[in-house]
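**Student:** Starting off with a structure, shown below.
Every number here is computed from the coordinates shown, using simple stated rules; none is lab data. No experiment lies behind these values; they were computed from the predicted model shown. Cβ: placed from backbone, ideal geometry, glycine included. Neighbour counts: every protein chain shown.
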Amino acid sequence: MWKELNDKLKIFKNRVTTVRKELLVILIVCFVAIILFDSVLFRIPEWFTTAAIWGEMLYKLCFAYITGFVFYFLNIHLEKERAKVKLYVYIHNKIADIVRLNHDLMDTIVQASQKTVENYNPSLEEIKQYCLSVNPHQRCAIPRLPFEFNNYFLMIDFVHKDLKRIIDDLISIQANISIDVLELLAKIEDTVDNHVNLFQGVPTANRDLEVIHNGIHQLNGYTNDLYKTFHKKYKSHRWEYEQSYRGAEHQV
């Protein structure tokens, strides 16, 4: 019983803390202003001729804001947060797919240098050296896939199209995605469109992939940021989803 009550209080706390900070600050200011009006300001003489009129207007505005906030919190914010919890696994899996595709691209390029990826945060110079080791006209393969590509141009185009598909899937539910996550998705899409898949799957005369090393470095950085930001922004949603999942298991 106490655990259930504690969980509900934690969920309510999470709901409140996910409201935009500016809205909460204004709400607190309105509460303080109303308390001051009722306890002090309405009992003292006017400081200037129209002070009472302005005070009454401000008093009503504070009440109007509190009423509007309660309506927003109950009818919009709570529903939006519930949807984020229900969609947590879907969004998590899509972002995991984006991270995996970035790792696939890195793994395939690093293979050409006869090295292995020790971590997925190499410097710009390291990525440049990897790209210089690649002959883009050779056959290549993404380790986890059961087929090969005739060249690196086709492999990069494959990664590009798969990334676009996943991002489009996420954009279709953007109302339930954190604005910080959406911003990084937009940066990833722009980077792949304009700085990584320059070839569009068509072989060129390039003898290496140096021309896209900066784009690959940017893509890797944005993908790492996406992973960290998602887990930071959805920490409370993850906890709530896990609680509801465990509750469903107990009912079966």
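**Student:** Mean-square fluctuation check for the chain, GNM, Cα pairs under 10 Å: which of Ile76, Ile26, Ile53 is largest?
**Tutor:** Taking springs between Cα atoms under 10 Å, the residue moving most is Ile53.
**Student:** Could you list Met106, Met57, Met155 in order of exposure, starting from the residue whose Cβ has the fewest other Cβ atoms within 10 Å?
**Tutor:** Ascending number of Cβ neighbours within 10 Å: Met57, Met106, Met155.
**Student:** Return, in residue-number order, each cysteine of the chain whose C-beta is not under 4.7 Å from any other cysteine's C-beta.
**Tutor:** Cysteines lacking a close Cβ partner in the chain: Cys131, Cys140.
**Student:** Within 14 Å, Cβ to Cβ, of Cys62, how many net charges do the neighbouring residues add up to if Lys/Arg are +1 and Asp/Glu are -1?
**Tutor:** Summing Lys and Arg as +1 and Asp and Glu as -1 gives -1.
**Student:** Would you list His92, His237 from fewest to most Cβ contacts within 10 Å?
**Tutor:** Ranking His92, His237 by Cβ neighbours within 10 Å, fewest first, gives His92, His237.
**Student:** A further question follows. So which aspartates and glutamates pass the test for Lys8, namely a Cα distance under 15 Å, with those fewer than 8 places away in the same chain ruled out?
**Tutor:** Once the sequence-local aspartates and glutamates are set aside, what remains near Lys8 is Glu81, Glu240, Glu242.
**Student:** Further question: Where does each of Asp162, Asp190 land when they are ranked from fewest to most other beta-carbon atoms within 10 angstrom?
**Tutor:** Ranked by crowding around the Cβ, least crowded first: Asp190, Asp162.
**Student:** Hey, another quick one. Between Lys94, Lys232, Lys84, where does the largest GNM mean-square fluctuation fall for the chain, given springs only between Cα atoms within less than 10 Å?
**Tutor:** Evaluated over the chain, the most mobile residue of the options is Lys232.
**Student:** Let me have the relative contact order for the chain, percent, based on Cα pairs under 8 Å that are six or more residues apart.
**Tutor:** Relative contact order comes out at 22 percent.
**Student:** I'd like the chymotrypsin sites (Phe, Trp or Tyr not before Pro) in the stretch 128-187 restricted to DSSP loop residues with at most 11 other Cβ atoms within 10 Å, sorted by number.
**Tutor:** Qualifying residues, ordered by number: Phe147.
**Student:** Too long at a 30 Å Cα-Cα cut-off: which of Lys21/Lys161; Lys10/Lys161; Lys60/Lys84; Lys187/Lys235?
**Tutor:** Beyond 30 Å between Cα atoms: Lys21/Lys161; Lys10/Lys161; Lys60/Lys84.
**Student:** Work out the FRET efficiency for Asn75 and Gln114 from their Cβ-Cβ distance, taking R0 = 51 Å, and round it to the nearest 0.05.
**Tutor:** 0.30
**Student:** To two decimal places, what compactness ratio does the chain give when its Cα radius of gyration is scaled by 2.2 N^0.38 Å? Display every interim value, and only then the final one.
**Tutor:** On the way: Rg = 26.5 Å, N = 252, 2.2 N^0.38 = 18.0 Å.
That works out to 1.47 for the chain.
**Student:** Taking the alpha-carbon distance from Lys228 and a cut-off under 17 Å, which aspartates and glutamates remain once sequence neighbours fewer than 8 residues away in the same chain are dropped?
**Tutor:** Answer for Lys228, where 17 Å is the Cα cut-off: Asp97, Asp180, Glu183, listed by chain and number.
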